[in-house]
Amino acid sequence: MTHITVMVDGVNYADHVEPRLLLVHYLREVVGKTGTPIGCDTSNCGACIVLMDGVSVKSCSVLAVQADGSDITTIEGLADGELHPVQRAFHEEHALQCGYCTPGMIMAAADLLRDNPHPTDEEIREGLEGNLCRCTGYENIVRAVRRAAEAGVAP
């Protein structure tokens, strides 16, 4: 067992974990942040994206021990009492259907808008490239990210 300390959504956690425990499993099973779904466990789908020290990572490809000392933001921590502007834009633009990919899409979009507050549609598509959606056809997702950018989102 390895001792780690992490801040998740503004709360400090100190735990002993197996060295092979994936961050996604730590967040869901130890911390209780079930809004981060387990998608493929192979880093192909992007559903499990969280922000680690402000940068999007696929939490199924990061070991919990690699997050030691980090500040993690999950989909639950993105909002501060009400929907985050990216979450609101996804709702308003109907950018979700089954919702399985939505947490990862929103977290990737928040990271994209932090780095590029006024992306073109092509840059939005490129920024969400590692996230798979089987329901929407992506058009509403692109519109949602564009809408959040137009609203001046600062994650």
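The values are calculated or read from the model by the stated rules, or taken from the named source; none is laboratory data. Not measured: the values here are computed from a predicted model. Neighbour counts are summed over all protein chains in view; Cβ atoms, including those assigned to glycine, are modelled from backbone coordinates with ideal geometry.
Quick notes
- Every residue from the range 9-41 that is in contact (Cβ under 8 Å) with a residue 60 or more places away in the chain and on the phi > 0 side of the Ramachandran plot: 9, 10
- Exactly one residue out of 34, 42 is part of a loop (DSSP other than H, G, I, E, B), farther than 30 Å from residue 150 by Cβ, of a type in the set (Val, Ile, Thr) and in contact with a helix residue (DSSP H, G or I) (Cβ under 9 Å, 6 or more places away or on another chain): that is 34.
- Of the criteria (1) touching a Leu at 6+ places or on another chain (Cβ under 8 Å); (2) buried (at least 21 other Cβ atoms within 10 Å of the Cβ); (3) of a type outside the set (D, E, K, R), which one residue 133 fails: (1)
- With respect to the conditions (1) in contact with a Lys or Arg (Cβ under 9 Å, 6 or more places away or on another chain); (2) farther than 30 Å from residue 14 by Cα, residue 76 falls short on a single one, namely (2).
- Among (1) more than 25 Å from residue 72 (Cα to Cα); (2) assigned to a helix (DSSP H, G or I) - the single one residue 112 does not satisfy: (1)
- Residue in the range 44-64 that is more than 23 Å from residue 129 (Cα to Cα), at pLDDT 95 or above and not assigned by TED's automatic domain parsing to the domain that holds residue 128 present: yes
Every residue, every condition in (1) surrounded by 21 or more Cβ atoms within 10 Å (Cβ to Cβ); (2) out of contact with any Phe, Trp or Tyr (no Cβ under 6 Å at 6 or more places or on another chain); (3) farther than 20 Å from residue 4 by Cα, yes or no:
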position	(1), (2), (3)
45	yes, yes, yes
52	no, yes, no
57	yes, yes, no
64	yes, no, no
73	yes, yes, no
78	yes, yes, yes
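- Pick from the range 113-124, criterion free of Cβ contacts under 8 Å to residues at least 40 places away in the same chain and either under 13 Å from residue 140 (Cβ atoms) or in contact with a Pro (Cβ under 8 Å, 6 or more places away or on another chain) (or both), ranking: surrounded by the fewest Cβ atoms within 10 Å (Cβ to Cβ): 121
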